[in-house]
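Worksheet: one structure, shown below.
The values are calculated or read from the model by the stated rules, or taken from the named source; none is laboratory data. For clarity, every value in this text was computed on a predicted model and none was experimentally measured. Cβ: placed from backbone, ideal geometry, glycine included. Neighbour counts: every protein chain shown.
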Amino acid sequence: MAQGARAWVAVVGVGAVGTAVGVALADGGRTVVACGGSSVLDGLSVQVDGEGRGDGEATAGGDGTRGGDGDGGPHRHRVRWLRDPGQQPPPGGPALVVLAVKAHQTAAAAPWLRALAGPDAPVLVVQNGVEHRQRLAPLVPPGTPVVPALMYLNAERTGPGRATARRTGGRGLVVPDDAAGRAVAALFAGSFLNAETAADFRTAAWRKLLTNVAGNPITALTGRRVEVFREPAVGDLLLALLEEAAAVGRAEGAALPADAPAEALTWLRALPPGAPSSMLQDRLAGRELEHEALLGPVVRGGDAHGVPVPVARAVQALVAALRP
Ligand SMILES: NC(=O)C1=CN([C@@H]2O[C@H](COP(=O)(O)OP(=O)(O)OC[C@H]3O[C@@H](n4cnc5c(N)ncnc54)[C@H](OP(=O)(O)O)[C@@H]3O)[C@@H](O)[C@H]2O)C=CC1
Ligand SMILES: CC(C)(CO)C(=O)C(=O)O
């Protein structure tokens, strides 16, 4: 990754996750340029759950690091906002382009990638699913490194450029253990979002997908936050989904042990009280749901490998049929 003249990072998709990632990079000293979306932004603010009052009510546009409330207040930073990809960006080009739109919004965000990404400006794709690289390959300039990233924080939008981030265990961001992944991970050193590398990223991505295949649709369908996972009958449904997803993941080459489904269910049931999945947030806001990127790899993969996936197919049909 080029440094020096490339002194800023771009964030395309400044929603829940984009806000959290942008603030973490700004905490680490990077100048953040927020790109697109429907709200004019002059600052980003994240309240990290467990760090203090947690009311998420900070105003955007603070002067950096913590927002004047002492330790425990929100992390907030000024940012420059670009309305569209035709606008002149800061000089030098970005050192990194973070892409944090929903998977089904990726193609529409391609003009930003064409304008900003390139061999010296890798794209960090912070999305759920296992198909980051396939999705991005046709959309980035030739030679652009694409770094898939698994996000373990639960991020909830609380306003334009504002979010709450809840920790879900020890992990923050997981990227592949290669040169590009290691360079990106280093940018988060010392921030509230720890980035780690995974030698077997395929397995890491399927392990994360298990939680999303089960957790996201069930919260969206029931309209309930993570407390719903503790209902015994819901637990049975989650486990059935997890077993199917794990079987497909193994057929795709992921080294998922026999207890991976039970482990994922335990993780889901330990999520912080009140956490909404990203899909529940979309459901409550009347937005399109990200079902193809989450359930699609299981249903399509099941069909391709001859692995029966009746529960995932039924759940995908229900989620796809939801209307605002
Ligand atoms: N939220 C969470 O806790 C987690 C989410 N994830 C994953 O991270 C990814 C992002 O999710 P999340 O942050 O929740 O999503 P959000 O819906 O909160 O954010 C998406 C953002 O992208 C913006 N956007 C949409 N289209 C474009 C475009 N063409 N150009 C520029 N910006 C655009 C939206 O703008 P506007 O607001 O104007 O529509 C919005 O701000 C998803 O893949 C999700 O599955 C992973 C782990 C946790
Ligand atoms: C981490 C988790 C499971 C919860 O935020 C998530 O990935 C999501 O909501 O999409």
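Here are the numbers for the structure shown:
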read-out: Pairs where the first residue, in region 179-190, is in contact (Cβ under 8 Å) with a residue 40 or more places away in the chain and the second is in a helix (DSSP H, G or I) and not aromatic (F, W, Y), C-beta under 8 Å, 6+ apart; value: L187/L25; F188/A24; F188/L25; G190/D27
read-out: Index of the failed condition, L237 passing every other in (1) hydrophobic (A, V, I, L, M, F, W, C); (2) surrounded by fewer than 21 Cβ atoms within 10 Å (Cβ to Cβ); (3) within 14 Å of ligand 2 (Cβ to nearest atom); value: (3)
read-out: Failed criterion for G143 (all others in (1) on the phi > 0 side of the Ramachandran plot; (2) among the small types (G, A, S); (3) touching a residue at least 40 places away in the same chain (Cβ under 8 Å) hold); value: (3)
read-out: Helices (runs of 4 or more DSSP H) wholly inside region 258-324 that include at least 2 residues being free of Cβ contacts under 8 Å to residues at least 60 places away in the same chain, at negative phi and within 15 Å of ligand 1 (Cβ to nearest atom); value: 260-269
read-out: Residue in region 49-71 that is modelled with pLDDT of 95 or more and either crowded, with 17+ Cβ neighbours inside 10 Å or out of contact with any strand residue (DSSP E or B) (no Cβ under 7 Å at 6 or more places or on another chain) (or both) present; value: no
read-out: Cβ-Cβ under 9 Å pairs, at least 6 apart or on other chains, region 149-165 side outside the structural domain of H75 (by TED's automatic domain parsing) and more than 12 Å from ligand 2 (Cβ to nearest atom), far side at pLDDT below 95 and not acidic (D, E); value: none
read-out: Subset of region 268-302 (residues that are closer than 18 Å to A320 by Cα and charged (D, E, K, R)); value: D282, R283, R287, E288, E290, E292, R300
read-out: Unmet requirement for V248, which otherwise passes all of (1) under 30 Å from D27 (Cα atoms); (2) in contact with a helix residue (DSSP H, G or I) (Cβ under 8 Å, 6 or more places away or on another chain); (3) crowded, with 22+ Cβ neighbours inside 10 Å; value: (1)
read-out: Residues satisfying the stated conditions in region 12-29, i.e. modelled with pLDDT of 95 or more and either within 17 Å of A195 (Cα to Cα) or acidic (D, E) (or both); value: V17, G18, T19, A20, V21, G22, V23, A24, L25, A26
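Here's the yes/no breakdown for (1) under 23 Å from D200 (Cα atoms); (2) not in a loop (DSSP other than H, G, I, E, B):
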position	(1), (2)
G129	yes, no
Q134	yes, yes
T144	yes, no
L150	yes, yes
A155	no, yes
T158	no, yes
A163	no, yes
V174	yes, yes
